[in-house]
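First up is the structure itself, then whatever we jot down about it.
The values are calculated or read from the model by the stated rules, or taken from the named source; none is laboratory data. Here the structure is a predicted model, which is why all the values come from computation and not from measurement. All Cβ positions, even for glycine, are placed from backbone atoms using ideal geometry, and neighbour counts span all protein chains on display. These area figures cover heavy atoms from the full protein model, side chains too; ligands, DNA and RNA do not enter into them. Shrake-Rupley method; radii C 1.70, N 1.55, O 1.52, S 1.80 Å.
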Amino acid sequence: MTILVTGANGQLGNEMRIVSKNSEDKYIFTDVVDASEESIAMLKKLAGEEIKTDTIHLDITNLDAIRAIVNENDVKIIVNCAAYTNVDAAEDHQELAELLNAKAPENLAIVMKEVGGLLVHISTDYVFGKEPYNTPCKEDQKGTPTGVYGLTKLHGEQAIQRVGCNHVIIRTAWLYSEFGKNFVKTMLNLTATKPQLKVVFDQVGTPTYALDLANAIVRVIESYKEEFFTLHSSLFTKNGIYHFSNEGVCSWYDFTKMIAEYAGQDNCDIQPCHSDEFLSTVKRPSFSVLDKKKIKDTFGIQIPYWTDSLKELLKHFPLTNE
Ligand SMILES: NC(=O)c1ccc[n+]([C@@H]2O[C@H](COP(=O)([O-])OP(=O)(O)OC[C@H]3O[C@@H](n4cnc5c(N)ncnc54)[C@H](OP(=O)(O)O)[C@@H]3O)[C@@H](O)[C@H]2O)c1
């Protein structure tokens, strides 16, 4: 089967390159930007010289361009890793966030509907948050985003459902990886260079190693292929919304403490603080833990505990205690 990955040079897209390395399927990696030299070097370090690092240009706001590449290559599955992901900047760029997070997924859904394919789309825990939840959020719970990013991602989910193509929408949270900018890389740097650091403890969720999510996506793809080749039905019986993060619960403060501890960086005094001590244009959810029972039961996915995955990631960086 031919599988097209959008946003292939982002965090999740690069992990998709790694998990698909030995696949029998044909993967096409697309983005609006070329892979950075840093990402290419990391890909080769993690997966060897033969890893696919090329990128075909595809802007997913362009419906005709999506249609052309899908038809030319007989694409049957799209994995959408592209998005407007800057939560703060989205507050000032609502139109652009809406275009990338809602209109573009709709474009992908339209084309997958035309060819009878599957859209695997990634959404976020930030579709929740306005109510003070203290139990893990379920897939069918009403979305209550606190900011523009979460709102536009919710609109993207709704657009895909409206179009009605085969779809698996996976909401994930607090994504980190070896690639690009993310919280773990920022905190590795700050805890190594600053004597003191304040980190919020009143926002609670679960970190997610993007490699674990990429492996879960492969499991979804395998399940779709199993049905496609055995049932010969155009309707995927597992269409729907799912939640995926690592297991467990923590605050950004706890997360930072573990990053520093595992990296052996004990010279930084890390203190908990409240969100209102930081000037921000956007209010983030105070509790956005995702309930993952549905994805585990439906696809037989086992999910690593968040500290175990964090340790796995840190093996890929030179650490102070080595
Ligand atoms: N990061 C998180 O903490 C987090 C948490 C929950 C959910 N998610 C969701 O997880 C998914 C993957 O996130 P990520 O962190 O891997 O994202 P990312 O690193 O920001 O990667 C997104 C990629 O999409 C590209 N892109 C932007 N506009 C595009 C367009 N018009 N057409 C095609 N590609 C375009 C970006 O290019 P540029 O770099 O040039 O923009 C970038 O390479 C997203 O759906 C995101 O909403 C992320």
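Ignoring any ligand, DNA or RNA, what whole percent of the accessible area of the chain comes from carbon and sulfur when the probe is 1.4 angstrom?
Values: 7340 of 14310 Å².
Its accessible area is 51 percent carbon and sulfur atoms.
Might you tell me the accessible area per residue for the stretch 56-151, computed with a 1.4 Å probe and given in Å²?
Working: 4180 Å² over 96 residues.
Heavy-atom SASA per residue in the stretch 56-151 reads 44 Å².
Of all beta bridges DSSP finds with both residues in the chain, what is the antiparallel percent, to the nearest 5? Don't skip to the end; give the middle numbers.
Values: 2 of 38 bridges.
If we restrict to bridges inside the chain, about 5 percent are antiparallel.
Could you check what % of the DSSP bridge pairs in the stretch 164-322 are antiparallel, to the nearest 5? Don't skip to the answer; put the middle values down first.
Numbers: 2 of 15 bridges.
Among the beta bridges of the stretch 164-322, antiparallel pairing accounts for roughly 15 percent.
Using a 1.4 angstrom probe on the protein heavy atoms only, line up LYS130, LYS294, LYS198 by accessible area, largest first. Don't skip to the end; give the middle numbers.
Details: LYS130 140, LYS294 75, LYS198 115 Å².
Descending accessible area places them as LYS130, LYS198, LYS294.
Could you state the angle between the C-alpha long axis of helix 252-263 and the longest principal axis of the C-alpha atoms of the chain, as a value from 0 to 90 degrees rounded to the nearest 10?
Rounded to the nearest ten degrees, it is 80.
Net charge near LYS257: determine it from the other residues with C-beta under 12 Å of the C-beta of LYS257, scoring Lys and Arg +1 and Asp and Glu -1.
Value of the local net charge: -4.
Taking only C-alpha pairs under 8 Å that are 6+ residues apart, what is the relative contact order of the chain in percent?
Values: 643 pairs, mean separation 61.9, N = 322.
Contact order relative to length: 19 percent.
Using the Karplus curve 6.51 cos²θ - 1.76 cosθ + 1.60 with θ = phi - 60°, what ³J(HN,Hα) values do you get for each residue of the stretch 57-64, in whole Hz, with x for Gly and Pro?
Whole-Hz 3J(HN,Hα) from phi for the stretch 57-64: 6, 8, 9, 6, 7, 9, 4, 5.
For ILE170, list long-range residues whose amide hydrogen, built 1.01 Å from N in the peptide plane, is under 5 Å from its own amide hydrogen.
Here the answer is HIS121, ILE122, SER123, TYR242, since their amide H atoms fall under 5 Å of that of ILE170.
Please say if the stretch 94-170 is rounded, prolate or oblate, where rounded means a/c under 1.5 for a ≥ b ≥ c the square roots of the C-alpha gyration tensor eigenvalues, and otherwise the choice is prolate for a/b larger than b/c and oblate otherwise?
Details: a/c = 3.16, a/b = 1.60, b/c = 1.98.
Since a/c reaches 1.5 but b/c is at least a/b, the shape of the stretch 94-170 is classed as oblate.
If you average the alpha carbon positions of the stretch 101-129 and of the stretch 178-205, how far apart do those two centres end up, in angstrom?
Answer, in whole Å: 31.
For the stretch 1-118, give the magnitude of the charge dipole about the Cα centre (Cβ charges: +1 Lys/Arg, -1 Asp/Glu; no others), in debye to the nearest 20. Numbers along the way, then the final one.
Details: 10 positive and 21 negative charges, 103 e Å.
Charge dipole of the stretch 1-118: 500 debye, to the nearest 20.
Sequence-distant or interchain residues sharing an amide H contact under 5 Å with LEU175, placed H: which?
Here THR208 satisfy the definition.
Distance cut-off 24 Å, Cα to Cα: go down the list LYS130/LYS238; LYS130/LYS311; LYS76/LYS315; LYS21/LYS315; LYS194/LYS315 and report the pairs above it. Intermediate values should be presented prior to the final figure.
Values: LYS130/LYS238 29 Å; LYS130/LYS311 32 Å; LYS76/LYS315 35 Å; LYS21/LYS315 20 Å; LYS194/LYS315 22 Å.
In this structure, LYS130/LYS238; LYS130/LYS311; LYS76/LYS315 lie more than 24 Å apart at Cα.
Once the stretch 164-253 is represented by equal point scatterers at the alpha-carbon sites, with solvent omitted, what log10 I(q)/I(0) does the Debye formula produce at q = 0.22, 0.25 Å⁻¹?
Taken in order of the listed q values, log10 I(q)/I(0) reads -1.11, -1.27.
Mean residue ellipticity at 222 nm from the helices of the chain, using -39,500 (n - 2.57) per DSSP H segment of n ≥ 4 over the full residue count, to the nearest 500 deg cm²/dmol? Before the final figure, lay out the partial values.
On the way: 12 runs with 128 residues, N = 322.
Taken over the chain, the calculation gives -12000 deg cm²/dmol.
Which shape class applies to the stretch 32-191: rounded if a/c is under 1.5, otherwise prolate when a/b exceeds b/c and oblate if not, where a ≥ b ≥ c are the square roots of the Cα gyration tensor eigenvalues?
Oblate, because a/c is 1.5 or more while a/b does not exceed b/c.
Write down the radius of gyration of the stretch 202-322 and its Dmax, each obtained from C-alpha positions, in Å.
Computed over the Cα atoms of the stretch 202-322, radius of gyration and Dmax are 18.5, 60 Å.
Could you grab the relative contact order for the stretch 1-80? Cα pairs under 8 Å, six or more apart, rounded to a whole percent.
On the way: 119 pairs, mean separation 32.8, N = 80.
That works out to 41 percent.
Starting from the Kirkwood radius over alpha-carbon pairs of the chain, derive D by Stokes-Einstein at 4 °C in a medium of 1.567 mPa s and give it in µm² s⁻¹.
Details: Rh = 20.1 Å.
It diffuses with D of about 64 µm²/s by this estimate.
Angle, helix 37-47 long axis vs. longest principal axis of the chain, Cα atoms, 0 to 90°, nearest 10?
The helix 37-47 is inclined about 80 degrees to the chain.
Can you tell me the accessible area per residue over the stretch 227-322, all protein chains present, probe 1.4 angstrom, in square angstrom? Write down the numbers at each step before the final one.
On the way: 5190 Å² over 96 residues.
Heavy-atom accessible area per residue stands at 54 Å².
Taking the Cα centre of the chain as origin and charging only Cβ (+1 Lys, Arg; -1 Asp, Glu), how large is the dipole, in debye to the nearest 20? If you can, show how the numbers build up before the last one.
Numbers: 32 positive and 44 negative charges, 115 e Å.
For this selection, approximately 560 debye.
Distance between the C-alpha centers of the stretch 245-308 and the stretch 7-27? Whole Å please.
When both Cα centres are located, 25 Å separates them.
Could you work out how far helix 210-230 tilts from the main Cα principal axis of the chain, as a 0 to 90 degree angle to the nearest 10?
20
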